Amino acid sequence: MQGRKVAILETRLGKELGGLVTRRGGIPFHAPALSELPDLDPGAIEALMVSLRRIPAKLMIFQTGVGTRALFAATDALGSTGFFLDALSKGVVAVRGPKPTAALRSRNVRIDLGAVDPFTTRELLEAIKVVDVKGERVIVQRYGVANVELDRALEARGAQVAEIPTYRWALPADTAPLEELIAALGRGEMDAVVFTNAEQARNLFAVAKRIGKAGQLKQSLDRTLVASIGPVASAALREAGVNVGLESSPPKLGALLAALDSALSS
């Protein structure tokens, strides 16, 4: 990456990712494109616990580590964790990837089914197809947005789906770094842009549209190496008409940085 400028849109691990770029000789430009806002209503969680006593869930799906931990923090505060753990032990527990797996194991929860690499909704649906959900209740721990694909697929199989919001994605309060990035891309000053989440792409284009530069942004990205962490982020980029230069496999930061380093060095 010697001397190459790399734009990083990651928020939570942005500084760490920038440090990895620097260690490989690159020059990071950090423009956080996403903020995670709490979206957990204790009243709704309490109502869920009450409803689970009346109508147990056949299947409970956990999609993210941060959301799973937030959910247990809420049940801890309500004094309902013991009941919730018991409810989980009586149903089928499915996870989307390693992060919710780790969060559940920290609570000694048995995990029955899990999506395989690259941990997208497609793999999750494949993992849970063995569960008969017709007429059954299914609880889904929501990530930053509702997983419409998952919900519709479950409902098509006759399930009664309830999503539990724990946090939601939004634009950062300060979008100036994103505006600076859009301008820098327009001047051809970036060698690569790294996307680690689908919402980063949507938010970047939302800011560009607000300042009247959406068309320019697409053209700029087409002249720049666009690096995606995996198929979900790649799909969002392609929806925006952006060519994905490389996609990490497996969808992890280490593999993404290695692929990016190789691409920029060639």
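The values are calculated or read from the model by the stated rules, or taken from the named source; none is laboratory data. Since we're looking at a predicted model, the values are computed, not measured. Cβ: placed from backbone, ideal geometry, glycine included. Neighbour counts: every protein chain shown.
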Practice prompt. Tell me which residues, restricted to the stretch 211-226, are closer than 17 Å to K5 by Cβ and surrounded by 15 or more Cβ atoms within 10 Å (Cβ to Cβ).
Written response: L217, S220, L221, T224, L225, V226
Worksheet item: Going through the stretch 137-160 one residue at a time, which ones are over 26 Å from T196 (Cβ atoms) and surrounded by 20 or more Cβ atoms within 10 Å (Cβ to Cβ)?
Response: V138, I139, L154, A159
Item to complete: Inspect the stretch 205-226 for any residue being in contact with a helix residue (DSSP H, G or I) (Cβ under 9 Å, 6 or more places away or on another chain), under 16 Å from E36 (Cβ atoms) and aliphatic (A, V, I, L, M) and give the result as yes or no.
Response: no
Practice prompt. Scan the stretch 247-260 residue by residue and report those that are at pLDDT 95 or above and of a type in the set (D, E, K, R).
Written response: E247
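For the stretch 246-255, does any single residue satisfy the condition of being polar (S, T, N, Q) and not in a helix (DSSP H, G or I)?
Just the residues of the stretch 246-255 that are polar (S, T, N, Q), to begin with: 248-249.
Narrowing further to those that are not in a helix (DSSP H, G or I): 248-249.
Yes.
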Worksheet, complete the sentence: When (1) closer than 27 Å to L171 by Cα; (2) in contact with a helix residue (DSSP H, G or I) (Cβ under 7 Å, 6 or more places away or on another chain); (3) β-branched (V, I, T); (4) assigned to a helix (DSSP H, G or I) are applied to V66, the one that fails is (2)
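Among the candidates D117, D39, which residue alone is surrounded by 15 or more Cβ atoms within 10 Å (Cβ to Cβ) and within 23 Å of the chain's Cα centre (by Cα)?
Values: D117 fails: surrounded by 15 or more Cβ atoms within 10 Å (Cβ to Cβ).
Being surrounded by 15 or more Cβ atoms within 10 Å (Cβ to Cβ) and within 23 Å of the chain's Cα centre (by Cα) holds for just one of D117, D39, which is D39.
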Fill in: Selection from the stretch 161-203 of residues that are outside any loop (DSSP other than H, G, I, E, B), free of Cβ contacts under 8 Å to residues at least 60 places away in the same chain and surrounded by fewer than 16 Cβ atoms within 10 Å (Cβ to Cβ)
A176, A183
Discussion item. I need the full set of residues from the stretch 227-243 which are in contact with a Pro (Cβ under 6 Å, 6 or more places away or on another chain) and over 18 Å from P32 (Cα atoms), in order please.
Written reply: G230, P231
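Let me confirm something: among V244, V226, which residue is at pLDDT 95 or above, closer than 19 Å to I27 by Cα and touching a Phe, Trp or Tyr at 6+ places or on another chain (Cβ under 9 Å)?
Working: V244 fails: closer than 19 Å to I27 by Cα.
Answer to the check: V226.
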Discussion item. Can you go through A87, A103, A70, A94 and tell me which one is closer than 28 Å to D117 by Cβ and without any contact (Cβ under 8 Å) to a residue 40 or more places away in the chain?
Written reply: A94
Worksheet item: Given the conditions (1) in the same structural domain as F83 (by TED's automatic domain parsing); (2) surrounded by 13 or more Cβ atoms within 10 Å (Cβ to Cβ); (3) hydrophobic (A, V, I, L, M, F, W, C), which single one is not true for V50?
Response: (2)
Worksheet item: Given the conditions (1) surrounded by 22 or more Cβ atoms within 10 Å (Cβ to Cβ); (2) outside any helix (DSSP H, G or I), and given that F84 satisfies all but one, which numbered condition is not satisfied?
Response: (2)
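For the subset of the stretch 26-36 comprising residues that are more than 17 Å from E199 (Cα to Cα) and among the hydrophobic types (A, V, I, L, M, F, W, C), which member is farthest from the chain's Cα centre (by Cα)?
Among them, the one singled out is I27.
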